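The values are calculated or read from the model by the stated rules, or taken from the named source; none is laboratory data. This one's a predicted model, so the numbers in the text were calculated from it and none came from an experiment. Don't worry about glycine lacking a Cβ; one is built from the backbone with ideal geometry, like all the others, and counts go over all protein chains shown. What goes into the accessible areas is simple: the full protein's heavy atoms, side chains included, and nothing from ligands, DNA or RNA. Shrake-Rupley method; radii C 1.70, N 1.55, O 1.52, S 1.80 Å.
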Amino acid sequence: MSDTQKKLTTGPLVLMIFTTIFGFANTPVAFQQMGYGAILWYLLGAILYFLPSSMMYAEYGSALKESKGGLYSWLDASISERWSFIATFVWLSSWVIWQVMISQKICITVSTVLFGHDTTGSWNLLGLGSTLTVALISVLMVVAITWFVSHGMDSIAKISTIGGYAVMALNAVLIIASVIILFAHHFHLAQPVHSITDFAKSCNPAFESPIGMISFMIYAIFAYGGLESIGGVTDSLEKPEKTFPKGIVISTIIIGVGYALNIFFWGVSTNWNHVINHGNVNLGNIVYVLMENLGVVLGQSLGMSTHAAVILGTLFSRLSALGMLFAYLGAFFVLIYSPLKSFILGSPKRLWPEKVTQLNKKGMPATALWIQTTIVCVLILGIAVTAVLIHQDAKFLYSVLTSMSNVATTLPYLFLVGAFPFFKKRNDLERPFVAYKNKHVMWAVVIVTLIVLAIANGFTIINPFLQKDLVSGIATIIGPLAFGILAWLLYSHQSKRQS
């Protein structure tokens with residue numbers, strides 16, 4: 001087989017992008033937060049962020065395909081070493097916060113697999129309340145995973161493949177079940193559509209205000225996260241100059257429409273007030289709540305007895321939780337070390353304390369791993385204790401964790417997009433793929449994308465403060481802010497030592 005034949009064509013590229021970007025769990029969260037109103041913002045996210053930024057990341061990845069530092073290498077080739085180091089440190093905070101959130105969501109998946117629904121609200125260990133019990137179990141789990149990974153036992157990550165197939169199957173279940181329910185109910189929706197404005201406004205009081213609605217944009221941007229991971233595939237494409245833009249445009253349409261349809265389909269079986277507007281429903285268990293309800297409504301639509309419909313709902317909930325459990329655990333075993341290792345090995349060793357850069361016999365940065373785990377555990381316990389002290393429940397906890405994760409994940413994109421014009425100015429790089437050939441078009445796209453990212457993050461950060469929710473506001477920015485300050489101090493200290 002020739003090299004040309006081995007190259008990826010448009011079809012495989014679109015499939016790769018879809019499986020990397022499309023997240024089934026994003027749509028239940030979107031429906032909980034905005035109802036049908038989420039559709040508009042997800043489509044805007046596809047057009048104003050996904051489409052333009054993916055082209056930028058492809059240019060970065062193709063020109064710097066030999067670099068091992070990922071995001072750090074891209075920034076270092078564009079802006080100063082100091083700001084590259086700080087920006088990548090902030091990016092690292094997103095993975096730390098991701099670990100904090102997912103470690104607690106794993107508890108919910110285990111509970112749902114075992115009992116058919118989320119029972120973590122009643123967990124009690126050593127006399128601790130449910131919030132502290134879940135936090136303690138999460139800490140023990142993170143410590144255990146770190147120990148396994150530091151000893152090179154990362155093969156369990158392969159179970160994420162099973163989770164991936166299971167989550168893809170959930171999409172099919174949602175679509176098929178929703179179509180059956182639509183026909184059985186003569187096209188009457190559980191969440192009715194009164195006017196076209198329902199597709200632009202929220203049925204959730206927390207997102208009814210203009211600032212609240214705009215702040216939801218960060219959820220849409222987060223839903224398209226992972227773009228930077230496909231930036232380096234251009235050298236594997238057949239005629240990349242044509243194949244990549246074509247693949248991105250097709251992917252934008254498929255993923256944007258796919259998200260919109262899934263959000264709409266949740267309204268086929270779920271009435272927001274009857275199912276979601278309850279104290280025991282939160283961003284941690286929303287997937288399983290909606291899947292259970294989907295199963296119950298499907299059973300009723302097929303003429304099953306109430307008891308049989310409830311059993312079907314429990315089955316849907318358990319199977320979805322099992323799939324998500326495989327996906328979460330598999331991802332955790334990789335992402336607990338992969339971003340950290342990439343940053344440490346890709347950045348200059350002189351910027352790190354000597355022990356941090358050392359790899360153990362299994363090729364793992366053990367010291368750095370345990371430092372990271374300590375930070376994760378402190379955050380888990382700190383957030384849980386704070387929630388208990390201010391008498392907040394799990395709904396508050398997962399809302400704060402989600403906002404923290406969204407901001408920490410999307411803030412580094414500001415650096416990547418903002419650095420792109422400086423990257424374009426370099427004349428010493430071989431550029432196998434060039435998406436933006438016209439300087440004026442490039443600047444226009446960069447400015448619009450930066451404005452979208454800045455507004456999404458800015459409104460998400462200020463919204464809690466405007467609502468006088470200081471705890472949520474401070475928690476939202478504490479991760480990136482703390483990591484940014486730590487990076488500044490570390491860089492300054494190491495630079496002085498070298499001088």
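Tabulated values for the structure
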{"item": "Helix runs (DSSP H) in the chain reaching 15 Å along axis by Cα, Kyte-Doolittle at least 0.0", "result": "10-21, 51-63, 81-115, 130-150, 159-184, 240-269, 286-301, 306-335, 366-389, 394-425, 439-466, 470-498"}
{"item": "Residues whose placed amide H lies under 5 Å from that of LEU237, excluding near-sequence neighbours", "result": "LEU8"}
{"item": "Rounded percent of accessible protein surface that carbon and sulfur make up, segment 309-411, 1.4 Å probe", "result": "69 percent"}
{"item": "Efficiency of FRET from Cβ geometry, VAL257 and LEU182, R₀ 22 Å, rounded to 0.05", "result": "0.80"}
{"item": "Percent accessible area from carbon and sulfur atoms, segment 1-154, protein chains only, probe 1.4 Å", "result": "66 percent"}
{"item": "Proximal lysines to LYS362, defined as alpha-carbon separation beneath 27 angstrom and excluding residues fewer than eight positions away on the same chain", "result": "LYS65, LYS68, LYS158, LYS341, LYS349"}
{"item": "Euclidean distance between Cα centres, segment 355-400 to segment 154-214, Å", "result": "30 Å"}
{"item": "Contour minus Cα-Cα distance for LEU389 and LYS439 (0.36 nm per residue)", "result": "12.6 nm"}
{"item": "Linear extension gain, LEU450 paired with ILE211, 0.36 nm per residue minus alpha-carbon span", "result": "84.2 nm"}
{"item": "Among GLY70, VAL110, THR88 the positive-end extreme of the charge dipole of segment 6-138 (Cβ point charges)", "result": "GLY70"}
{"item": "Local net charge near ILE311, Cβ-Cβ under 14 Å (Lys/Arg +1, Asp/Glu -1)", "result": "0"}
{"item": "Sites excluded, GluC sites (Glu not before Pro) in DSSP loops with at most 15 other C-beta within 10 Å, longest stretch of the chain", "result": "209-429"}
{"item": "Set of segment 62-93 residues, backbone N closer than 18 Å to the point 7 Å along the Cα-Cβ line of ARG497", "result": "82, 85-86, 89"}
